[in-house]
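Here the structure comes first, spelled out in structure tokens, and everything after it is commentary.
The values are calculated or read from the model by the stated rules, or taken from the named source; none is laboratory data. Just so we're clear, the structure is a prediction, and the values are computed from it rather than from any experiment.
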Amino acid sequence: MSEETLFSKIIKGEIPADIIYQDEHCIAIKDIAPKAPVHLLVIPRKIIPRIIDAEAEDQALLGHLMLAAGKIAEEAGIGEAFRLIINNGAGAGQTVFHLHVHILGGKNFSESSLGF
């Protein structure tokens, strides 16, 4: 198993967090530094440091994270318009090296400075 992370400690209940969803494969929490009116994180229970570190055996888990993200977005009331982001590495803005999917919603992203 990989090194303990902030997220693995949240999953174990060692650090408090606003958990809004959980199942046998992942949890979802509210981001403590939101970048949108709705900013949630979907975190696998298995520690995978970065998406590039995922292996073939993680394929079903990665698919589960996408399906869970859609369900969580719908339950959060943003199911028709939201953005999913996975940062890979420090240069891409990843600060916790435990794979997680950002769900951002509650605002219009069509005017994004990123152009997508």
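Things to note:
- Checking each residue in the stretch 70-92 for being more than 12 Å from residue 38 (Cα to Cα), modelled with pLDDT of 95 or more and not hydrophobic (A, V, I, L, M, F, W, C) picks out 70, 71, 87, 88, 89, 91.
- Subset of the stretch 44-90 that is among the polar types (S, T, N, Q) and within 20 Å of residue 4 (Cα to Cα) - its residue that is farthest from the chain's Cα centre (by Cα): 88
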